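Structure first, commentary second.
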Amino acid sequence: MSVTKLVRAQDILKEKGFKASPFDTAGFQNAVVEFFRKNDVSERLSIISVRFLDYEGAPACGFAASTEGVYNDYLGPGFDKYIFPHFLGGYFGGADEYVIFPYIIVDEPYVTNAVALLKMAGFIVSRKHKRLKHDSYTVTLV
């Protein structure tokens, strides 16, 4: 009986010369902390999982934050708009290039660890759900 060698995904990636950039854990955690420091304790932050490999110009750090709202002329005060990163183009929100909730987009391979980091730091993280056709988590302080 012949013995076959176990081939891991990591081995195939190495053969193809693919090297993934590391996730900027400190930058991600800082973006979440700064969002909650600047806002009310009742605010919510969405963590949205997107496969960065599918998009040209995706950030190498592994996440893109849109936590600073811009005044929304259409809806008025209290309904700021949060602009989509340029690398997503018009795909993410259809015709509009913004949503009315703050979010951080995390590269798909890193989202599980990013969510675990937030839970370990004491943030309340919801179960996975769909938002804008992507897996998403809601983060709160209380």
Please report how far the C-alpha centroid of the range 1-31 lies from that of the range 103-118, rounded to the nearest whole angstrom. 17
If one puts a single equal scatterer on every Cα of the range 1-54 and applies the Debye formula without solvent, what log₁₀ I(q)/I(0) results at q = 0.16, 0.24, 0.28 Å⁻¹? -0.74, -1.05, -1.16
Starting from the Cα of LYS38, step 7 Å along the direction of its Cβ; do the same at GLN10; then give the gap between the two resulting points in nm. 3.8
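Only the coordinates and a few stated rules stand behind these numbers; no lab work does. The structure displayed is predicted, hence computed values, not measured ones. As a convention, Cβ positions derive from the backbone with ideal geometry for all residues, glycine included, and neighbour counts pool all protein chains shown.
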